[in-house]
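Bear in mind these aren't lab numbers, they're just calculated from the coordinates by the rules spelled out. This one's a predicted model, so the numbers in the text were calculated from it and none came from an experiment. Here the Cβ positions follow ideal geometry from the backbone for every residue, glycine too, while neighbour counts run over all protein chains shown.
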């Protein structure tokens, strides 16, 4: 599985020029501060950065305390304004089914109806995920044999004139797909809280949750407090 962070929320140039002082904070960190302080401050949202940036970003300890307090209080509705978009490649259809049970994400999924998965097509046939539990030994041989049978069956159906949208019914849950996926930070936090390793999640979706956490924290280190309390 390969996961790439493709995009994240940015402040507009007009807002930066008019309402955002030059302080050591990312756009999303500033946006988080505005959303949080808007709930508790008499100031207007457009006034918060000029009035409070020095307090929270000039003294990093104050900013740390604020974000930690919000994370601990679970006031994560303030994180719904911060969005991320990911490319998720070579994930199984089984994991996709689990993933779509989580609300507030947007998905664009490679179609098995329009993309043809015959051995002689541009795809070269379908790829598949092999769980660690069947890797090696007799179980691995049985597993791979079935995948080859599924591919042969798909090919034969297509050769018999069956359209791809119907032939795809023989493709297994293990068949891989590619997803463009987006969601706000609160949705990502809730997903991570339920699917992180050690919470009983299946290995593949736990791997996705961990990779998403790493990517978000790499570009927005201040979010670590929110993941830590999940």
Mean separation of Cα contacts under 8 Å, 6 or more apart, over the residue count of segment 113-174: relative contact order %:
40
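Counting other C-beta atoms within 10 Å, which of 91, 162 has the fewest, and how do the rest follow? Don't skip to the end; give the middle numbers.
Numbers: 91 24, 162 15.
The fewest-first ordering by Cβ neighbours comes to 162, 91.
Can you run the Rg to Rh ratio on the chain? Use alpha carbon positions and the Kirkwood inverse-distance Rh.
In the chain, Rg relative to Rh is 1.12.
In percent, how large is the relative contact order of the chain, given Cα pairs closer than 8 Å and 6 or more residues apart? Please report the intermediate quantities before stating the final value.
Values: 298 pairs, mean separation 63.7, N = 230.
Normalised by residue count, the contact order of the chain is 28 percent.
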In nm, give the distance between the simple-model label positions of residue 113 and residue 140, each being 7 Å from the Cα along the Cα-to-Cβ direction.
3.8
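Per DSSP helix of 4 or more residues, -39500 (n - 2.57); summed, then divided by the residues of the chain. What does that give at 222 nm, rounded to the nearest 500?
Numbers: 10 runs with 109 residues, N = 230.
Dividing the helical sum by the residues of the chain leaves -14500 deg cm²/dmol.
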Quick check: pseudo-label points 7 Å beyond the Cα along Cα→Cβ at residue 16 and residue 132, how many nm apart are they?
4.2
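Would you mind ranking 191, 146 so that the residue whose beta carbon has the fewest other beta carbons within 10 Å leads the list?
On the way: 191 23, 146 13.
Final ranking by Cβ density, sparse to dense: 146, 191.
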For helix 27-38, report the angle its Cα long axis makes with the longest principal axis of the Cα atoms of the chain; keep it between 0 and 90° and round to the nearest 10°.
60
Relative to the longest principal axis of the chain, what angle (0 to 90°, nearest 10) does the C-alpha long axis of helix 137-159 take?
80
Post the alpha-carbon centroid distance, segment 120-165 to segment 55-69, in whole angstrom.
53
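I'm checking a number: the convex hull volume of the Cα atoms of segment 94-230, normalised per residue, in Å³. What is it?
Working: hull volume 17.2 nm³, N = 137.
So the per-residue hull volume is 126 Å³.
How high is the FRET efficiency between residue 6 and residue 51 when r is their beta carbon distance and R₀ equals 35 Å, given to the nearest 0.05?
The value I calculate is 0.55.
By its C-alpha gyration tensor, with a ≥ b ≥ c as the square roots of the eigenvalues, how is segment 9-57 shaped: rounded for a/c under 1.5, else prolate for a/b larger than b/c, else oblate? Walk me through the intermediate numbers first.
Numbers: a/c = 1.44, a/b = 1.36, b/c = 1.06.
Note, shape of segment 9-57 comes out rounded.
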Starting from the coordinates of the alpha-carbon atoms of segment 113-174, obtain the Kirkwood hydrodynamic radius over all distinct pairs and give the value in Å to one decimal.
12.2
Between helix 203-219 and the chain: long-axis angle, C-alpha atoms, 0 to 90°, nearest 10
30
Using the count of nearby Cβ atoms within 10 Å as a rough guide to exposure, how do 188, 142, 36 rank from fewest to most?
142, 36, 188
At q = 0.10 Å⁻¹, what base-10 log of I(q)/I(0) does the Debye formula yield for segment 1-90 when every alpha carbon is treated as an equal point scatterer in vacuo?
-0.29
Run the quick spin-label model on residue 60 and residue 229: label points 7 Å from Cα toward the beta carbon, then report their separation in nm to one decimal.
2.1
